[in-house]
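See structure below.
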Amino acid sequence: MKRREVLALGTLGTLCALPLLALALTQGSAKPFRIYMVTWRGLTDVEKGFKEYMATRKIAVEYIMRDAEQSPQRLAEFVREIHRIKPDLVYTWGTSATLGIVGKYGAGSGFVEDVPTVFTIVAAPVGANLVPNLLSSGRNLTGASHFAPLEVQLAAMRSYKAFKQIGVLFNNAEQNSLAGVRELKALAGRDGFRLHEQAFQRDAAGKPVADGIAERVKALKDAGAEWLYIGSDSYLFTQLALVVEAAHALNLPTFGTTEAVLMSPAGVLAGLVCKYFSVGQFTAYKAEQILVKKIAARDIPIETLKRFSLIIRMETAKKLGNLPPLELFNYAEFI
């Protein structure tokens, strides 16, 4: 079926309406900009979108690629290297990587401050204490989020299957996960639904472990959860197959919030997402504003795309005996 997107009113920015910028560089005409790219768990379509945008705009770039492999210790090494080589721009993927490179707002020295930084795939920039607000970071930082507003996500869930109770399994060692749960709690109190929480078990060193996943999912179901909400959580993604298997064995539908989760073979039922490739292009647009237009990062608002895709996995829907309402066939994308 042809891909369609859901329009979420009130969110900021849209790639389709990017203003045309006068190009200051063409490939080979000047010394390329050096962009230091920090990824958290390897290359994604975000980086592909970013690089394609730069190539299409004929902006000469030398990429310095570094992958943290989900290790905070590696991020500290990258900070030292950035201070040493002084690239023109730093790119960070995800909340954990961004916090490791630039630190929390007001954290002081020890992080990257003198090089403009553009983050991407950060679900809750304010909730993670990266910035005080979305209009200005107040420092040498801007970025693009991939996250549909939570109210819009919940509306998408209700359009598929109404609920009074939601369950969430999360890593309480990740700032983005904690921020997401706090926002869910706030909306539950406002909108009158119940939120049931389970955190991953942690070992003696404080790291999350997969032990007890099935038991935690069952506890959510037994408490009355009618959906399992899968937020932006890097550790959960590494255990996604186990989590989804446990939920669907209990006939508990799953709702994802990122493209990577929906496209995983784990078989998440449905979700409302920004396409990673488009997020990468939008992030590159912000990098262009800094590098080419010479706009200070603090003066560039932090935004998300305005259009989101409602994705439904029909194989899972049939397996659960939970087919989507007919009206969703007018705009959802089926895989």
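Could you list, in sequence order, the residues of region 297-315 that are within 12 Å of Glu259 (Cβ to Cβ) and either open to solvent by 10 Å² or more (accessible area, probe 1.4 Å) or assigned to a loop (DSSP other than H, G, I, E, B) (or both)?
Scanning region 297-315 gives a single hit, Leu305.
Take the residues of region 162-176 that are over 22 Å from Ala214 (Cβ atoms) and not hydrophobic (A, V, I, L, M, F, W, C): which is least open to solvent (accessible area, probe 1.4 Å)?
Out of the qualifying residues, it is Asn176.
Here's the yes/no breakdown for (1) of a type outside the set (Gly, Ala, Ser); (2) at positive phi; (3) in contact with a His (Cβ under 6 Å, 6 or more places away or on another chain); (4) assigned to a loop (DSSP other than H, G, I, E, B):
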| site | (1), (2), (3), (4) |
| --- | --- |
| Ala124 | no, no, no, yes |
| Gly127 | no, no, no, yes |
| Pro132 | yes, no, no, yes |
| Arg139 | yes, no, no, yes |
| Thr142 | yes, no, no, no |
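Are any residues in region 165-198 charged (D, E, K, R) and in contact with a Lys or Arg (Cβ under 7 Å, 6 or more places away or on another chain), and if so, which ones?
If the condition is that a residue be charged (D, E, K, R) and in contact with a Lys or Arg (Cβ under 7 Å, 6 or more places away or on another chain), then Arg194 is the only one that fits.
Return yes or no: is Asp222 within 30 Å of Ile302 (Cα to Cα) and out of contact with any Phe, Trp or Tyr (no Cβ under 9 Å at 6 or more places or on another chain)?
no
Restricting to region 164-202, name every residue that is of a type in the set (Phe, Trp, Tyr) and out of contact with any Ser or Thr (no Cβ under 9 Å at 6 or more places or on another chain).
Within region 164-202, Phe193, Phe200 meet the criteria.
Suppose we filter Ala107, Ala155 for residues that are of a type in the set (Gly, Ala, Ser), under 30 Å from Leu323 (Cβ atoms) and loosely packed, with under 15 Cβ neighbours inside 10 Å; which single one remains?
Testing whether each residue is of a type in the set (Gly, Ala, Ser), under 30 Å from Leu323 (Cβ atoms) and loosely packed, with under 15 Cβ neighbours inside 10 Å leaves just Ala155.
Can Gly94 be described as open to solvent by 10 Å² or more (accessible area, probe 1.4 Å), at pLDDT below 95 and on the phi > 0 side of the Ramachandran plot? Steps first, please.
On the way: open to solvent by 10 Å² or more (accessible area, probe 1.4 Å): no; at pLDDT below 95: yes; on the phi > 0 side of the Ramachandran plot: yes.
So Gly94 fails the test.
The values are calculated or read from the model by the stated rules, or taken from the named source; none is laboratory data. Everything quoted here is computed from the prediction, not taken from an experiment. Every residue, glycine as well, gets a Cβ built from its backbone with ideal geometry; the counts of neighbours run over all protein chains shown. With ligands, DNA and RNA removed, areas are computed over all heavy atoms of the protein, side chains included. Shrake-Rupley method; radii C 1.70, N 1.55, O 1.52, S 1.80 Å.
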